[in-house]
Amino acid sequence: LVIAAGNKTNTFNTPGVADREGEEVFFLKHLHHARQIRNRILECFERASNPNISEMERKRLLSFIVVGGGPTSCEFTAELNDFLLQDVAKWYPEIIRDAKITLVEAGPGLLGSFQKALADYYLESLIKKDIDVRVCTAVTAVEDRFFEDKEKNDEKPGAHYTVAKLGDGTDIPFATMVWSAGLAPVKFIEQTGLELNRGRVVVDSYLRVPGQNGRIFAMGDCATPQDGPLPPTASVAEQQAYYLGDCLNEYYSKFDVLDSNNDDTEVPHPGPVAPALVPWEFMEFMNKFLTKSSKFQYKNRGSLAGMGFGGGVGDLTNTDLPSPDATMSGFIAFLTWRTTYLTKQLSWSNMMLIPMYWFKAAIFGRDISRF
């Protein structure tokens, strides 16, 4: 049995977040979340274009808050800014000036896993794009409020609106909040009865769950090794999947777990397995030249973060790839990010279609119809 249940979004029990999820608050974890966010953004612009609403309500409808300072939140913020200015603005030129994006991060800066100079560059670039970045503050609550004074607010008495309360004491009225501020275990993991460490299944150096005779494995975000946690990234999960796949095909398949004589026998440890360092499928043969080990070996491939069209940052200072220890930013990082993205596709058709969609969006813009 291989457990790869992943994690869910962590709200840190912030009042109002879970209650408003799917209405004004959206997570950024699954495909249906992306569709919800897209439709909500366009809905807000449609409602804000109504000439009968007040200026205060229009600004609230066009107030977008992104919570979290990691690569996912930062990339989404930059892409949202591009989407509003390059595509939505063509159809709503009269009200686009009222649109505002606020990025809220509880820590002292963005992109905590990147070199500080790159993180500062990213922060400064977002500010230059007129994005309101709030660091060292957290969203402490999401509140429902109601208009009571019609003459003062120009709204129907009793009308509902949402407000984000921040740790610095400020309140931000908003209509769309994208929450991507942490990970929490799913209920399945909590109810397995297996040994957990901070909500993640404890595994040994072979990704085995202790005490199960080598018959249960765990990998990805839901697992944590006994000798220390690994980053909750796709790169770690992918390398673990390659490792377990090689172990099952080359070693574990030779052990008959269905034989009743082996019921109390622990599955033998696997033999040497090459780490999955090289992220490009057409160059995977290079992994065979790396030092093999029967234990799982995590290899750092570096870090990349996009910043909308033409921008990005890359940190290769701690990479295990056969490349210089360097950093990159701007257009070269953007090209590296997109090239790497293409190599992760599972079919040649997608590798051909995606650049075509990029070209179409660059020349003709993106479709903003709701579906």
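Quick notes on this one:
- Rg/Rh for the chain, where both radii come from Cα atoms and Rh is the Kirkwood radius: 1.03
- Rounded to 10°, Cα long-axis angle of helix 234-250 versus longest principal axis of the chain: 30
- Computed log₁₀ I(q)/I(0) - Debye formula, equal Cα scatterers, no solvent, region 54-100, q 0.19, 0.23, 0.25, 0.26 Å⁻¹: -0.65, -0.84, -0.92, -0.96
- Spherically averaged projected area of the convex hull of Cα atoms, region 240-321: 7.8 nm².
- Percent accessible area from carbon and sulfur atoms, region 11-127, protein chains only, probe 1.4 Å: 53
- Degrees, to the nearest 10: 331-343 long Cα axis against longest axis of the chain: 50
- Residue-normalised accessible area of the chain, given per residue in Å² at a 1.4 Å probe: 53
- Spin-label model distance (nm) - F331 vs E79, 7 Å beyond Cα toward Cβ: 2.3
- Angle between the chain longest axis and helix 348-364 axis [Cα atoms, degrees, rounded to 10]: 20
- Inter-part distance where region 352-371 and region 1-78 are each reduced to a Cα centre, Å: 22
- Distance histogram for region 27-144 (every C-alpha pair counted, 10 angstrom bins, percent rounded to whole numbers): 12, 42, 34, 11, 1
- Pair E23, L1: separation of 7 Å Cα→Cβ label points (nm): 3.8
- Neighbour cut-off at most 15 other Cβ (10 Å), DSSP loop, GluC sites (Glu not before Pro), region 246-347: E266
- With the simple model of a label 7 Å out from the Cα in the direction of the Cβ, F371 to D264 spans 6.1 nm.
The values are calculated or read from the model by the stated rules, or taken from the named source; none is laboratory data. Computed from a predicted structure; not experimentally measured. Because the Cβ atoms are built from the backbone with ideal geometry, glycine has one as well, and the counts that use them run over all protein chains shown. Note: accessible area is taken over every heavy atom of the protein model, side chains too, but ligands, DNA and RNA are not part of it. Shrake-Rupley method; radii C 1.70, N 1.55, O 1.52, S 1.80 Å.
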